[in-house]
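First the structure, in the form of structure tokens, and then the observations on it.
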Amino acid sequence: MLSKTQYTILFTIMYMLGIIAFFKECEVLFSILILFVTIFLLFKHKISKIFALIMVATFISGILYTDYKMKDDDLLKSVAPTDAILEGKVTSIPTGTHADKTKFFVTVSKIETNGTTFTTNSKTYITIADAKENYKKIKIGDDIRLNAKLRIPQTNTNPSQFSYQNYLKNFNTFTTAYVTKSGWEIINSPQEPKWKFIQNLNKLRQKIITQHNKILTSPNIEILGGIVFGHNAINPPEDVRDNFIHSGLMHILAASGLNVALIFGIWFFIFSKLKVPYRLGISTGILLIILYTLMTGLGPPVLRAALMLTFALIGKLLNRDADNIALLLLVAAIILIYNPGFLFDVGFQLSFTVTLGLLMFCPIIAEKTKQIPQIIAGSIYVPLIAQIIVAPIQMYYFNNFATYSIFANILSMPFVSIISFLGFTSSIMAMIPKFPSFIITGFDYILNPTISILIRISEFFANLPNALLTTTQCSPLQICIYYFIIVTIFIGLKNSFSKKVIIFLITSVILLMGTTISPKNSNLEALFFNVGNADSFLIKTPNNKNIIIDTAHPPYPGGYSQAKAIIYEYLKDNGIKEIDYLIITHYDADHAGGAIELMKLVKINNLILNPIKDSSTLAFEIPQFAKEKKINLIYPQNGQTLMKYKDGNVTLFQTQNTKIDSNESSLVTLISKNNNHILFTGDAEIETIEKLNLPVNIDILKIGHHGADKTINKNFLENKKVKLSILSTGPSAYNHPSPTTVKDLQSSNSLILRTDVDNAIKVVITNKNIQTFSFDNKKWKHFKNF
């Protein structure tokens, strides 16, 4: 029969599987799998019939409880988008960003919109623009009134695009609200004891940071704030933050379980040396953990570690030892009962898996390296195990791998220990009225050079060659196989590498390697990104060359460009490390706006630019930047063949229009396979397109200028036998597409797809047919074959 720890593991896994089944909408599939597993365990006499029923009931409870806890909408979502006056309570610590924006959650109690007032209890995520230092006036717990633009968050309408909507849904939040710098006012300070306590605690935290700021300046004060008080204390400068990311030390800047363990460990070590009674040391340690957790703002990593350590210490007080793995799973279950959505929070996943990995492997490795001083051995194998455990999650979410992370963590650990303990100890001193300030100042004189050394470590490793490798996104299947390999190694190390274990291990490694093989094909594939009222397309030719036509809008102030948030994310996820040809049809911002950023992010072999003279800023900056990057520039002639392959070619047309800054000067691209043709028209109108030397049939037509007037007519659609017309369009002041264009398209025999309706669109031309797909939230939905 199974042990108590194994029972705890099974129960927690069943509950987690119930949550996953609910969110992924695969309850039936998971139910069948669990049924098979249960029957297998019963057949092997590993569990009793009663336990089998309890196990299945736990799975079903996970589904039902998640359905109960996680809402699909609320009142605010039902009235959005709208301009409204919101009244409610600030329920998270306001944080400033590098773009002078302030962000925080508000639980709204009253909303006024369109002359109607509603009462509610719904959360929204607030962004105040141009806040600068004003955000410090807003405190957690305050009652606030906001003149806001209430909006539904952006979802992922493109593959690999981050879904802000799904992210906020994990926190039962379904709207965002945007406020100007003068569009808010504090109504009242908190009256409820709970919020009074939390606000006073946060004020105390800010007071402590201000005290440290007398000696510590930027970026040292931000690093101390991050290590001691969590990521929402103060944001570090962007270049420092990038260095910590590239060196694999970013986790240090967010208070975590590591800080909890260090603070308690040093505290208990000092108490033991002072011969303080054991129970008093444990009891004060628990109080210290609770105080630290509250001051960090109850972040999931700190909360998880604090709960686990507190339960373990209470067990010590009661003279009962707890199994650490079972304890971790119990804490995870408690957190997921509070909010099942945390299971899909990357911070929770990283924290939980790393801790589980350390609990599994550290005792085994410690036993096998006991001849080496543990302070040396531990400083090596702890970051090594953590990096191995975290690697697939890091590649899944961030598409990167910090090459020197292990070495950076080994070197930084002593300094993090000093900063964590001295920073928190001096913070406690600062809380004591009339405590001699020179003692705190003395601590800061020790902390200042220590933090500077830590910054230098991150800077050194971040600037080494290939410090941060860009990786393809792991699939869920690959992650499961990877962790199955980890568990198999754990079993082998703990017991022995029997013949069966070795066979499982070899089979799993071969299977994992097999999943990384993606066979090349000779299809012509075109991906039409949904970039709003703009253009950007990725083409894979039959000879496996990659072409991008246009790069959508430039970055918005304080935000990412579509080239980075949509195009580059897709390239990373799919392992596309270079673009053979980047074609800029003309220099309008909705076509060329992301070109420079894309050239910064991806290797571009050839840049094809419009030869027509243009006086715009982008027309000067794009070729200038390309020359600095030593990218080959091509100014094509009309009808120039860019590329030939076995069953087709890529041809460029320069529309010969002499107007400066005119849409009519757009480059037009014709891509062919097996006498099937796709035509990309830029912003050219139909009068210009009809003059081009085009083939008798155009199977797929990208309508010019987002469907504006005069971009198409019924005669062209019928004469060229257009099977599929695609509109790359979205909300704008121009109200594209025009009713005339839509009417002409609807009166033809052509299938019409629109990026503003059907999301991203994919066309695949095989040797047999033409396949069309539209992107539906998380997967491609087959549309029609021709």
I'd like the residue in region 422-431 that is hydrophobic (A, V, I, L, M, F, W, C) and open to solvent by less than 30 Å² (accessible area, probe 1.4 Å) and, out of all such residues, is nearest to residue 259 (Cα to Cα). 424
For the condition open to solvent by 80 Å² or more (accessible area, probe 1.4 Å), within 27 Å of the chain's Cα centre (by Cα) and within 30 Å of residue 543 (Cα to Cα), what is the one hit in 512, 477? 477
Residues that are hydroxyl-bearing (Ser, Thr, Tyr): find the helices (runs of 4 or more DSSP H) completely inside region 276-379 holding 2 or more of those. 278-295, 346-368
Do we have any residue at all in region 752-766 that's more than 19 Å from residue 538 (Cα to Cα), modelled with pLDDT of 90 or more and among the charged types (D, E, K, R)? no
Return only the number of the condition from (1) modelled with pLDDT under 90; (2) of a type outside the set (Asp, Glu); (3) buried (at least 16 other Cβ atoms within 10 Å of the Cβ) that residue 498 does not satisfy. (3)
Scan region 69-90 for residues that are surrounded by fewer than 16 Cβ atoms within 10 Å (Cβ to Cβ) and either outside any helix (DSSP H, G or I) or modelled with pLDDT under 90 (or both) and report the count. 7
Could you go through region 402-418 and let me know if any residue there is open to solvent by 50 Å² or more (accessible area, probe 1.4 Å), in a strand (DSSP E or B) and of a type outside the set (S, T, N, Q). no
Looking only at strands (runs of 3 or more DSSP E) that lie completely in region 681-786, which have at least 2 residues being within 17 Å of residue 671 (Cβ to Cβ) and free of Cβ contacts under 8 Å to residues at least 40 places away in the same chain? none
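Okay, residues lined up against (1) among the basic types (Lys, Arg); (2) open to solvent by 70 Å² or more (accessible area, probe 1.4 Å):
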| residue | (1), (2) |
| --- | --- |
| 316 | yes, yes |
| 345 | no, no |
| 351 | no, no |
| 359 | no, no |
| 374 | no, yes |
| 393 | no, no |
Just to confirm my filter: which helices (runs of 4 or more DSSP H) fall fully inside region 140-238 and include at least 3 residues that are surrounded by fewer than 21 Cβ atoms within 10 Å (Cβ to Cβ)? 164-169, 193-212
With the first residue restricted to region 196-224 and required to be small (Gly, Ala, Ser), and the second required to be in a helix (DSSP H, G or I), Cβ contacts under 9 Å at 6 or more apart or on different chains are 218/240
Does region 725-739 contain at least one residue that is at pLDDT 90 or above and open to solvent by 40 Å² or more (accessible area, probe 1.4 Å)? yes
Reported set for region 332-357 where residues are touching a residue at least 60 places away in the same chain (Cβ under 8 Å) and of a type in the set (Phe, Trp, Tyr) is 342, 344
Matching residues in region 38-56 (part of a helix (DSSP H, G or I) and surrounded by 14 or more Cβ atoms within 10 Å (Cβ to Cβ)) number 8
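The values are calculated or read from the model by the stated rules, or taken from the named source; none is laboratory data. Quick caveat: nothing in here was measured; it's all calculated off a predicted structure. Here Cβ is always computed from backbone atoms with ideal geometry, including for glycine, and neighbour counts include all displayed protein chains. In case anyone asks, the SASA skips ligands and DNA or RNA and just uses the protein heavy atoms, side chains included. Shrake-Rupley method; radii C 1.70, N 1.55, O 1.52, S 1.80 Å.
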